[in-house]
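Worksheet: the structure to be examined is printed underneath.
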């Protein structure tokens, strides 16, 4: 049994590790034992940030079903959707799941860059195709 209060030097718990590895069954087990799906590490990263970065839609689904906040922000104002856009390499499954769960594509980080803006800046993959059309006031 894993102690749900154990954290590493970066403030990460077993739930963060399972999410970053894409370990769906391990994550389900941890959540069933009481792990917090919204646990934030020292930098504000939640398991959903790690799952979005790893591009593992099944883990994203498990975390959202467990009540993870879709627009949780880290210390830089970065949301899981921002991480999904940044790491997508053109893959849109994770992006679409987060949007369907209500993620805000126009939420700026502390540097004024939203997921939609970021998608438009990525030149080597067409990531913007996975985001809904914004209005003319969107950044």
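Computed on the chain, the Cα convex hull volume stands at 95 Å³ per residue.
Were the residues from residue 7 through residue 104 laid out at 0.36 nm apart, the gain over their Cα-Cα distance would be 32.0 nm. Here the contact order of the chain, divided by its residue count and restricted to Cα pairs under 8 Å and six or more residues apart, works out to 18 percent.
Per residue of the chain, what 222 nm ellipticity follows from adding -39500 (n - 2.57) for every DSSP H run with n ≥ 4, rounded to the nearest 500?
Values: 7 runs with 57 residues, N = 139.
So the calculated ellipticity at 222 nm is -11000 deg cm²/dmol.
Readers should treat all values here as calculations from the given coordinates under stated rules, not as data from a laboratory. Everything quoted here is computed from the prediction, not taken from an experiment.
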